[in-house]
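To start, the structure itself, in structure tokens.
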Amino acid sequence: MGDTNGQVVAGGNDKGNRLDQLDRPTDVLIDKETDSLIICDWNNRRVVRWSRRSGTTQGEILIGNIKCWGLAMDDQRYLYISDTDKHEVRRYQIGDENGTLVAGGNDKGIGLNQLDVPTYIFVDQQQTVYVSNNSNDRVMKWNKDEKEGIIVAGGQGYGNALTQLSYPRGLFVDTLGTIYVADSMNDRVMRWPKGAKQGTVIVGGN
């Protein structure tokens, strides 16, 4: 804290698809077990891992051919990744390239078993998956092993009413099930208590 300059820890060699480059990275998390960064390298259609050890000059590809946007990791080190091309979220064991479908995967659409450009995700201790469903202007909750999700925020079309979201992005869910979501096109952050039909603006919205 207090540093005025940051330090490049991954990429930084112009945009490109070499292993020492990134192209429009969208999300990152820390894997404490391997002391590494796992990064959605969106425009390169891959998920890469970069060691945090000093002297690291390039990453390694964990999963290829995936238009990944959001990442999450659960307590058992399963990796969850949203795919904006396939409109789905999959769960992966590290080293597994295929994964298991946990949300969406039925083409894009507005059905409860569908997603439309899923972006950021959050996974709780019960392996419940929350998804910012960008183009459907809603946040979906998928309980483990369910075939369809539940709308838990938004879902009333594009707009700025307290019942609406417009291109939701970043997402956090606390232990009470309260959802905090970056409502990107409305320039605000909203809080939705569990089961609520409308949210409260807690930052921005002016």
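The values are calculated or read from the model by the stated rules, or taken from the named source; none is laboratory data. Only a predicted model underlies this, so the values are computations on that prediction, with no experimental measurement involved. Virtual Cβ from ideal backbone geometry, glycine too; neighbours counted across all protein chains shown.
Every test in (1) surrounded by fewer than 21 Cβ atoms within 10 Å (Cβ to Cβ); (2) closer than 25 Å to residue 199 by Cα is passed by residue 131 save one, and that test is (1).
Residues of region 11-35 being closer than 20 Å to residue 80 by Cβ, out of contact with any Asp or Glu (no Cβ under 9 Å at 6 or more places or on another chain) and surrounded by 10 or more Cβ atoms within 10 Å (Cβ to Cβ), which ones? 27, 28, 29, 30, 31, 32, 34 - these are the residues of region 11-35 that are closer than 20 Å to residue 80 by Cβ, out of contact with any Asp or Glu (no Cβ under 9 Å at 6 or more places or on another chain) and surrounded by 10 or more Cβ atoms within 10 Å (Cβ to Cβ).
Okay, residues lined up against (1) closer than 18 Å to residue 79 by Cβ; (2) modelled with pLDDT of 95 or more:
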residue	(1), (2)
23	no, yes
29	yes, yes
34	yes, no
37	yes, yes
43	no, yes
46	yes, yes
49	yes, yes
52	yes, no
56	no, no
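Scanning region 2-40 for residues that are among the hydroxyl-bearing types (Ser, Thr, Tyr), free of Cβ contacts under 8 Å to residues at least 40 places away in the same chain and outside any loop (DSSP other than H, G, I, E, B) yields a single hit, 36. All of 195, 154, 149 fail the test of being among the small types (Gly, Ala, Ser), more than 18 Å from residue 80 (Cβ to Cβ) and surrounded by 14 or more Cβ atoms within 10 Å (Cβ to Cβ), apart from 154. The single condition from (1) surrounded by 14 or more Cβ atoms within 10 Å (Cβ to Cβ); (2) aliphatic (A, V, I, L, M); (3) out of contact with any Phe, Trp or Tyr (no Cβ under 6 Å at 6 or more places or on another chain); (4) part of a loop (DSSP other than H, G, I, E, B) that residue 48 fails is (4).
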